[in-house]
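The values are calculated or read from the model by the stated rules, or taken from the named source; none is laboratory data. Please read all numbers here as calculations on a predicted model, not as lab measurements. In this analysis, Cβ positions are derived from the backbone assuming ideal geometry, glycine residues included, and neighbour counts consider all displayed protein chains. The protein model used for the area step is the full one, side chains on, heavy atoms only, and it has no ligands, DNA or RNA in it. Shrake-Rupley method; radii C 1.70, N 1.55, O 1.52, S 1.80 Å.
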Amino acid sequence: MQNKGLIKVFAILFGLVCLYQLSFTFLTNNVESDAEEFAMQKVGEDVENYSELRDQAEARYLDSIGDNEIIAGITYDSAKDKELNKGLDLKGGINVILQISVRDILSGLANDSQDPAFRKAIAEADKAQTDSQENYVDLFFEAFNNIPNAKLASPDVFANKALSSEINFNMSNEEVEPIIRQKIDESITSAFEVLRKRIDKFGVTQPNIQRLGNSGRILVELPGAKDISRVKNLLQSTAQLEFWHTYKSNELGGFLVQANNRLAEMKKSEEVTSEEEIDSAATSGDNEIDDLLADAEDSTSVETGNNPLFDLMASPGFQGGPVLANFNVQDTAQVMDYLQMPQVRSLLPSEMRYAKFVWGVADEDTETAALYALKGNRNMEPPLSGGVITDAQQTYDQLGRIAVSMQMDGTGAKIWETMTGKASAEQSQIAIVLDNIVYSAPGVSTGAIAGGRSEITGDFTITEGQDLANVLRAGKLPASADIIQSEVVGPSLGQEAIDSGIMSFGIALILVLLWMILYYGKAGVYADIALIVNILFIFGILAGLGAVLTLPGIAGIVLTIGMSVDANVLIFERIKEELAKGKAQKEAIADGFKNALSSILDANITTGLTGLILFLLGTGPIKGFATTLLIGIATSLFTAIFITRLFIDGYGTRGKSLDFSTSITKNLFTNMNIDFLKKRKIAYIVSGLFIIVSIGSLFTQGLNEGVDFVGGRTYTVRFADDVSPTAVEKDLAEVFGSAEAKTFGPNNQLKITTKYKVDQEGAEVDEEIQRSLFDGLQSHLPADISYEEFVDGADDKQVGVMKSMKVGATIADDIKNASFWAVLGSLIVVFLYILLRFRKWQFSLGAVAAVFHDVLVVLGIFSLLYKVMPFNMEIDQAFIAAILTVIGYSLNDTVVVFDRIREFVNEHSTWPLGKTVNAALNSTLSRTLNTSLTTLVVLLAIFIFGGESIRGFMFALIIGVIVGTYSSLFIATPVMFDSVKKKASLESKKEPVTEEATTV
C-alpha cells in the first residue's frame, strides 16, 4: 500500500479531531451532573412539587456558571453549543409539524373579500384538501378558474389597494397566479422567521426549525422541552395584538336589557310553537301523547327563568367602567351566540352598530370572564395593532404584579398619543387585546401619553409574562398555525431509552469483537481495532456536524458495526484464498485487498443509496437512523481498507507469519461443493408458497397501520400497577367511541390509540382529548394524581403520559405516499446502478426479484403475526426505514455474489455458466454466512436490550437479514441464471449456455 505515512498522519489527526469534538459532550455532562447534584441537595423530596423546583434550581445553577471557564477557555455555554445533540427519544421533548394556513393568507391578501367567486373557490379548496395531496393554493386556483368569468384581478379580490403596485385590473388569471404564489411564500417565510425568533428565546438548547418544501409546513424540534402545553401555546399563538377604544357599561346597559327581553320573547315563541306541535299529534294515541309531553318537559327544563341573558350573568359591571358584566366561563359561548344573533344586534343604536363583543381573561378563582364592547368600524380594524411594537419586556407594575411593558415605533407612538389623548378627554378606557382576549383596559387620567410606551397587566406567572414578551417581540404570525403532527417524549422515558441504547450498544460491540477474534485470530484483533476507530470516527463526525443522535440512530450505529465487519470478512476471505493458491503472505495480502475492493465498494454503494433515500425523505428519528448509517458506511470503508491494512502490513514487514483463522475455523467452509442451481426449483416452490401466503394474509388480515399512515393520536401511558388492556379499552370506548389499548413493554404500560376527532385541528381539541383520556383512565390511576401530573413531563415521572403522538389525516396520507415512493424509488435506483455496474439487465432483474421477494415476505410475516406477538408491530415510518434497510442489506449480499460471478466469468471463460455460478456461490458462502450471523447477533442484542420503542423495527430487520441471505443464494442468482439462459450468454461471444453444475 502506497502513502502509508500520509494515511497514518490523517488517521491520527482525524482521531484527535473526533476526540476534541466529543470532549464538549464530556464536559457538559460533567457540569450537568454537578448541577443535578446541587439541585437534589437544595430541594428535598419532602417538598411539594420537588421535581419542578429541582428543575428550576438546576437551571439557575447552569445559568450562573454558564460563562465560567471549565478548561482551556471553554465555558459551559460554549461547550453546550458543540456537544453531541440528542434527539427527542433520548432527551425527551417535542417534535411538531405546523401547517401555516394558506387559506388565511389568501383571505388576508384579498382583504377578507366577500366576493362570491372568491368565497366559492375557498370553500371548494377546503373540501378538496381533505382528499387531495395537492397544495392548497393549487386547489384554490383550480377551483377559481372553473368559475365562469371569475377574475383574480377583480378589485373585490386581489386588485385591491394593498396589491395595487403589482396587480392591475387588466391582468389575466395566469398573470396574477405567480404573484399570489410569491406573496404566499413570503408570508410563510415570515411565519418561519417569527417562529424561529420565538424559539430562540424559549431557552431550549439545540432547537431545530426548518421548512418542509412549499406546502406551508414547518418542522420544529425542541429536545429537552418539558412544559409541553407552554411550547404548544408559544408555537400556535398568532400574537394578534390590538388596541381598541371601549364603550362604558352604562352606554350599553339599555341594550343588554332590550337584548334580554328580545331573547325571552323568542324563547316564548319557540315554546308556543312546540306546544302546538304536541297538540297536533294528539290523534296518535294516549301513549304517544304522554311520550311527547315528557319529551317537551325535558327540553324546556334547561332554563327555569324568563331572562335568558341575565340568568347567565354572574355579576354586573361597574358604572362607567369598561366591563359590561361578568359571566361564568362555561356560559361564555352561549352568551356570545346570543349577542351575535341578527335579531339581537339589530337592537344596537346606529352609532354602535359596529360594536365588537369580546371576553377578558378568565378569573381562575371565580371561574368567570368579563364581557367588553369595543368601538369597532366597518372593516373591524383596530386603531393600533401590534405591528408597531419594537420591544417588549416582562416587568412589574406599580402594585408589584407581573406585567409586560412595550415600546412602539414612531408611527405607533403618534397613534398611541392620539388614542390616549382621546381616552383622557372622554374619561374612557383603551382595551389591550391579544388574540381576541382583553388582557387589560386601563383608563387614562393624565392626558395624552407620548413616547409610545404601554403596559399589559394580567394574572400572569413569570413564565407567562416572559412568553408574552417573547411573542410580541418576535411579531405576530401572518396566519394561523395548526399542529398537524406532533410527538412528545417525556424526559424519564428518554433516559430509559439512553440506558437501553447504551446496553444494547455495549453488548453488540463485545459480541462482535469476540467473534472476530474467535474466527480470524490475530487478524481479527486488528479488525477489532479498526472497528473501535470506526466508532470513534462516527461519533466524532456526528458531533462535528451537529447531527442529532436518536435511538434509531444508535441502532444505525450498532447495525453499522455488524455490517462493517463485512468489509473485513471480504478482505480476510480473499487473502485466505490467495494464500491457498500458494502465494507469499505479502503478495496474498496485497491481492486480497485488491480483489475484495470491487465487492466492498459495490455492496456499500447499494446500501448507501437506500440510506440516502431515507435521509432525503425521512424526518426525526428516521433521518437520524439514515445519518448514522451513511456516516458509518463511509467510515467503515476507510477503516477496513486503510486502518486494517496498516496493521496487517506492519505485522508482515517484521517477518512474522499472520494466520487469518484459528484452529477452530481453519477448515471451515473450505472445499464447499453445494449444487445451488440444482436446488433452485425447490427454492422457487418454497418462496412461491411464502409469497402466496403473504399476499393472502395482506388481503385478508391486512397490516396494523400506525397513526403515521391513518391519522389519529397515540399515547404511551404508564400506570402504578399492572393493567388489563381489555378493561382500559372498554373504559375509553365510553369516552372516545372507540380506542385501542395494547401492552407496550412492561405490563403496567399501555399504548393507547384513538381516531377520535382526527379531522379536527387546534390546541383546544388536543386539550379536550387529553382531558378525556385522563377522565377515562381514572379508575386505573392513583387517586392523588392530578391532570397536570398526568400530562406534564418530569425527570422522575413514573405514572402518566410518557409519550404521545398526533398525526392529522391529511399529513398521514402524505406520509403514506412518501413511503411508497421511497420504496419504489430505492428499487429503481438500485436496478439502474446494478445495470450500470454489471452491464447486463439480467443481473438487475435477479437483484430486484430478490428484493421484491424479501419485502413481500417481511410484509407477510408482519401481517400474519401482529395480532399474536407480544410487542408492537405497527406499520409506521420506522417500519419503512426497516424495509429500505432490508433492501440495502439484501442487495449487499447479492452484489457480492454477482461480483464474484463476473470475476469467474472472466477468469474461467471456458467453464459452462452453471459451473461458474455454483463456484461463485460456494466461494462466497463463508463470507455470506459470517456476515449474516454477525449482523444477526448485533440485531438480536438490540432487539432484546434496546427498548420497546424499536423492538418492531429490529424484528423487521432480523427477518429481513434471514430472508435476504436466503434470497441472495436461492432467488437472485437463480433468476439471473434462468434469464441469461433464455436471452444470451453473459459473455460477449454468442456461445450456447449450459446448465452444467460442476463446481471447482
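What the table below lists for this structure:
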| quantity | calculated |
| --- | --- |
| Total residues in the stretch 451-479, condition in a helix (DSSP H, G or I), of a type in the set (S, T, N, Q) and modelled with pLDDT of 75 or more | 1 |
| Looking only at the stretch 208-229, and only at residues there that are at pLDDT below 75 and crowded, with 18+ Cβ neighbours inside 10 Å, the one that is farthest from F318 (Cα to Cα) | S215 |
| In the stretch 422-450, residue surrounded by the most Cβ atoms within 10 Å (Cβ to Cβ) [restricted to those that are assigned to a helix (DSSP H, G or I) and of a type in the set (A, V, I, L, M, F, W, C)] | A423 |
| Which numbered condition L677 misses (of (1) in contact with a Gly (Cβ under 6 Å, 6 or more places away or on another chain); (2) among the hydrophobic types (A, V, I, L, M, F, W, C); (3) modelled with pLDDT under 85) | (3) |
| Number of the exception - N68 against (1) out of contact with any Ser or Thr (no Cβ under 9 Å at 6 or more places or on another chain); (2) free of Cβ contacts under 8 Å to residues at least 40 places away in the same chain | (1) |
| Yes/no for V801 being touching a helix residue (DSSP H, G or I) at 6+ places or on another chain (Cβ under 9 Å), at pLDDT 80 or above and under 21 Å from S599 (Cβ atoms) | no |
| Enumeration of residues in the stretch 710-728 that are free of Cβ contacts under 8 Å to residues at least 40 places away in the same chain, more than 14 Å from N872 (Cβ to Cβ) and open to solvent by less than 60 Å² (accessible area, probe 1.4 Å) | S724 |
| Residue check, K414 of a type in the set (K, R) and over 29 Å from A333 (Cβ atoms) | yes |
| Complete set of residues in the stretch 75-87 that are touching a Leu at 6+ places or on another chain (Cβ under 7 Å) and open to solvent by less than 30 Å² (accessible area, probe 1.4 Å) | Y76, A79, L84, N85, G87 |
| Among (1) modelled with pLDDT under 75; (2) touching a helix residue (DSSP H, G or I) at 6+ places or on another chain (Cβ under 7 Å) - the single one T653 does not satisfy | (2) |
| Residue count, the stretch 741-771 (criterion: more than 24 Å from the chain's Cα centre (by Cα) and either surrounded by 14 or more Cβ atoms within 10 Å (Cβ to Cβ) or within 23 Å of Q236 (Cα to Cα) (or both)) | 1 |
| Subset of the stretch 38-53 [of a type outside the set (S, T, N, Q) and open to solvent by less than 40 Å² (accessible area, probe 1.4 Å)] | A39, V43, G44 |
| Output for the stretch 512-531, where each listed residue is of a type in the set (F, W, Y) and either under 20 Å from N667 (Cα atoms) or without any contact (Cβ under 8 Å) to a residue 24 or more places away in the chain (or both) | W515, Y519, Y520 |
| Every pair of residues 6+ apart whose Cβ atoms lie under 7 Å, when the first sits in the stretch 172-187 and is farther than 13 Å from L106 by Cα and in contact (Cβ under 8 Å) with a residue 24 or more places away in the chain while the second is open to solvent by 60 Å² or more (accessible area, probe 1.4 Å) and charged (D, E, K, R) | N173/K151 |
| Conditions (1) in a helix (DSSP H, G or I); (2) over 29 Å from F744 (Cα atoms); (3) of a type in the set (A, V, I, L, M): number failed by I695 | (2) |
| A370 vs. criteria open to solvent by less than 20 Å² (accessible area, probe 1.4 Å), touching a Lys or Arg at 6+ places or on another chain (Cβ under 6 Å) and assigned by the TED database to the domain that holds Q330 | no |
| Condition met for T665 (farther than 23 Å from K797 by Cβ and assigned to a loop (DSSP other than H, G, I, E, B)) | yes |
| Residues of the stretch 406-421 satisfying the condition of being within 12 Å of G447 (Cα to Cα) and open to solvent by 50 Å² or more (accessible area, probe 1.4 Å) | E417, T418 |
| Some residue of the stretch 112-123 being within 27 Å of the chain's Cα centre (by Cα) and open to solvent by less than 60 Å² (accessible area, probe 1.4 Å) | no |
| Pair list, Cβ < 6 Å and 6+ apart or interchain, from the stretch 684-698 residues that are touching a residue at least 12 places away in the same chain (Cβ under 8 Å) and assigned by the TED database to the domain that holds P974 to residues that are assigned to a helix (DSSP H, G or I) and among the hydroxyl-bearing types (S, T, Y) | S697/S863; L698/S863 |
| 1 or more residues farther than 15 Å from T246 by Cα and among the aromatic types (F, W, Y): qualifying strands (runs of 3 or more DSSP E) within the stretch 332-403 | 389-396 |
| Residue check for G376: out of contact with any Ser or Thr (no Cβ under 7 Å at 6 or more places or on another chain) and either open to solvent by less than 50 Å² (accessible area, probe 1.4 Å) or at pLDDT 80 or above (or both) | yes |
| Count of the stretch 858-872 residues which are part of a helix (DSSP H, G or I) and open to solvent by 10 Å² or more (accessible area, probe 1.4 Å) | 4 |
| Checklist (1) farther than 30 Å from E464 by Cβ; (2) in a loop (DSSP other than H, G, I, E, B) applied to D185, failing item | (2) |
| Checking G521 against (1) open to solvent by 10 Å² or more (accessible area, probe 1.4 Å); (2) modelled with pLDDT under 85; (3) of a type in the set (G, A, S), the condition it does not meet | (2) |
| Leading residue by the ranking (farthest from D391 (Cα to Cα)) among those in the stretch 143-188 that are loosely packed, with under 13 Cβ neighbours inside 10 Å and within 32 Å of the chain's Cα centre (by Cα) | P178 |
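For (1) among the hydrophobic types (A, V, I, L, M, F, W, C); (2) modelled with pLDDT of 90 or more; (3) open to solvent by 40 Å² or more (accessible area, probe 1.4 Å), each residue gets a yes or a no:
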position	(1), (2), (3)
G317	no, no, no
P322	no, yes, no
D331	no, no, no
V335	yes, yes, no
L339	yes, yes, no
R353	no, no, yes
D363	no, no, yes
T366	no, no, yes
